[in-house]
Amino acid sequence: MSINDRQRDILKIISQLDMTPTMYKNAVTKYTSIAKYLENNGIEADIYPQGSFALGTVVRPNAKDPNASYDLDFVCQLRINRNELTAAESWKVVEDILNGSDLYGGKLSIYDKCFTIEYAEVGGVGFSIDIVPAADENEENKIRLRSKSKNPGLIDTAIAIPKHCEKIYNWMTNNPKGYRAWFNDINASFKAASRVQYRQMLFEENRSLYASVEEIPEELERSTMQRIIQILKYHRDMYYSKFDNGDDIKPISAIINTIVARISSSVSASISVFDLLNYVLGEFATYAQYQTITEERFAERYQGKNVIGRKNGKWTIENPANPEDNLADQWNQDASIPTHFFAWAKAVREDLIDSLQLSDEDFRARAETAFGLKVVASTWGTKYNKVAPKPVSPIIPAKPWRA
């Protein structure tokens, strides 16, 4: 098999882990129904997606359980300013309405960070919707954020969400709409580069859902940049599943999204998936040198590289939509986290770049390490398995020399 064939087969795995058009349509129907229910019960709010569903980077979670459901995140933004209610009051307003519902009460789980509604499986795949209450951030805080931000135009959409701290809730600034606008701005050229071909492929695969290419929602398009993020996220889940504390030390998706988007912003939108993956991993390897050299030495050697920083020994990855949010805070609390991060990045290269040059059986073994035995088998079947040896012809005994 050629390298191009192997690359296409890896992308087939990722596409199988993505959200299907049917699941997307079902999720949209469900969250708009929740919004309608809240509105009918006196809550004036806007419900909108955040995280992977908003960015088009969904992958099926939980590498240890290939039958795990999709976990989709949404914001329920009350049409109020944070000064009009306390964080606890805003939380209680949404909780009471959902908990008292005949429709949602039995499906509702209440956690410190969100409300979760579990849905039955559709087409063999289940999903849940996580809802976070929110209010508009006050103008005083927005002014402060704009003064600090490299992207002040994004701050207008900043919100406040309830953060659980020692049995009470306090307001915490967040900005998922601003982050999505920043991400989409970088991703726009990548989507445009592959849009016609990708939409046609989706149409051919989903003729039962869409009467024409034009009916396909833009949210289902996947660019080269989005595919890179999906590959990294699923490989991350597999890699960290081998650690007992993997969920605590693995890089959050916001770090992967931010780093990949910022690195991708400097390359041509026509780049292929694996060329971009190779480039991103090369940048990861460069930033790994922060572990052994000073910030000053790094700046001398790699001028202009500031996606990841380490000023005075403190790791920094700035949230582009919130200058007061350092996405790498945990890296500074536990020194093993960045060490694992750069070891993981090296493993991605070994499994998905270097492996392209290996024998068929070794290539498949690497893929199974990266994505899991069941996922690879369900997508590839027996492809790249070691070819069974040809049957050996029976040995015909020599005739006795006297015969």
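The values are calculated or read from the model by the stated rules, or taken from the named source; none is laboratory data. These numbers come from a predicted model, not from an experiment. Backbone-built Cβ (ideal geometry, glycine too); neighbour counts: all protein chains shown.
So here's what we get for this one:
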{"item": "Candidate set from the stretch 94-106 (those that are assigned to a helix (DSSP H, G or I) and among the aliphatic types (A, V, I, L, M)); member that is farthest from the chain's Cα centre (by Cα)", "result": "Ile97"}
{"item": "Flag for Asn26 being touching a Gly at 6+ places or on another chain (Cβ under 6 Å) and over 13 Å from Ala134 (Cβ atoms)", "result": "no"}
{"item": "The one condition in (1) in the same structural domain as Leu11 (by TED's automatic domain parsing); (2) in contact (Cβ under 8 Å) with a residue 60 or more places away in the chain that Asp248 fails to fulfil", "result": "(2)"}
{"item": "Residue in the stretch 376-385 that is out of contact with any Pro (no Cβ under 6 Å at 6 or more places or on another chain), surrounded by 14 or more Cβ atoms within 10 Å (Cβ to Cβ), at pLDDT 90 or above and closer than 30 Å to Leu327 by Cβ present", "result": "no"}
{"item": "Filter pass, Val75 being within 27 Å of Ala160 (Cβ to Cβ), of a type in the set (A, V, I, L, M) and under 22 Å from the mean Cα position of the chain (by Cα)", "result": "yes"}
{"item": "Extreme residue, farthest from Leu17 (Cα to Cα), among residues of the stretch 348-373 that are part of a helix (DSSP H, G or I) and of a type in the set (Ser, Thr, Tyr)", "result": "Ser355"}
{"item": "Some residue of the stretch 223-237 being assigned to a loop (DSSP other than H, G, I, E, B) and surrounded by 19 or more Cβ atoms within 10 Å (Cβ to Cβ)", "result": "yes"}
{"item": "Test: residue in the stretch 26-38 that is in a helix (DSSP H, G or I), under 30 Å from Thr157 (Cα atoms) and charged (D, E, K, R)", "result": "yes"}
{"item": "Residue among Asn62, Asn40 that alone is over 23 Å from Ala370 (Cα atoms) and surrounded by fewer than 17 Cβ atoms within 10 Å (Cβ to Cβ)", "result": "Asn40"}
{"item": "Residue within the stretch 37-54 that is free of Cβ contacts under 8 Å to residues at least 60 places away in the same chain and on the phi > 0 side of the Ramachandran plot present", "result": "yes"}
{"item": "Residue among Tyr48, Tyr104 that is at pLDDT 95 or above, surrounded by fewer than 21 Cβ atoms within 10 Å (Cβ to Cβ) and among the hydroxyl-bearing types (Ser, Thr, Tyr)", "result": "Tyr48"}
{"item": "Of all residues in the stretch 8-20 being part of a helix (DSSP H, G or I) and surrounded by 18 or more Cβ atoms within 10 Å (Cβ to Cβ), the one that is farthest from the chain's Cα centre (by Cα)", "result": "Asp9"}
{"item": "Neighbours by Cβ (under 7 Å, 6+ apart or cross-chain): first from the stretch 355-379, more than 22 Å from Trp344 (Cα to Cα); second assigned to a helix (DSSP H, G or I) and not polar (S, T, N, Q)", "result": "Thr379/Lys12; Thr379/Ile13"}
{"item": "Some residue of the stretch 59-68 being in contact with a strand residue (DSSP E or B) (Cβ under 7 Å, 6 or more places away or on another chain), among the charged types (D, E, K, R), more than 26 Å from Thr173 (Cα to Cα) and not in a helix (DSSP H, G or I)", "result": "yes"}
{"item": "Residue identified as aromatic (Phe, Trp, Tyr), farther than 15 Å from Pro323 by Cα, buried (at least 21 other Cβ atoms within 10 Å of the Cβ) and at pLDDT below 95 among Phe127, Phe183", "result": "Phe127"}
{"item": "Residue tally, condition touching a strand residue (DSSP E or B) at 6+ places or on another chain (Cβ under 9 Å) and more than 19 Å from Asn81 (Cα to Cα), over the stretch 166-194", "result": "2"}
{"item": "Glu140, sole failed condition from (1) in contact with a strand residue (DSSP E or B) (Cβ under 9 Å, 6 or more places away or on another chain); (2) at pLDDT 95 or above; (3) charged (D, E, K, R)", "result": "(1)"}
{"item": "Ala211 vs. criteria part of a helix (DSSP H, G or I), surrounded by fewer than 22 Cβ atoms within 10 Å (Cβ to Cβ) and either among the small types (Gly, Ala, Ser) or touching a residue at least 12 places away in the same chain (Cβ under 8 Å) (or both)", "result": "no"}
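Let's see how each residue does on (1) at pLDDT 95 or above; (2) over 18 Å from the mean Cα position of the chain (by Cα):
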position	(1), (2)
Ile271	yes, yes
Ile308	yes, yes
Lys311	no, yes
Ile317	yes, no
Pro323	yes, yes
Glu350	yes, yes
Ile353	yes, yes
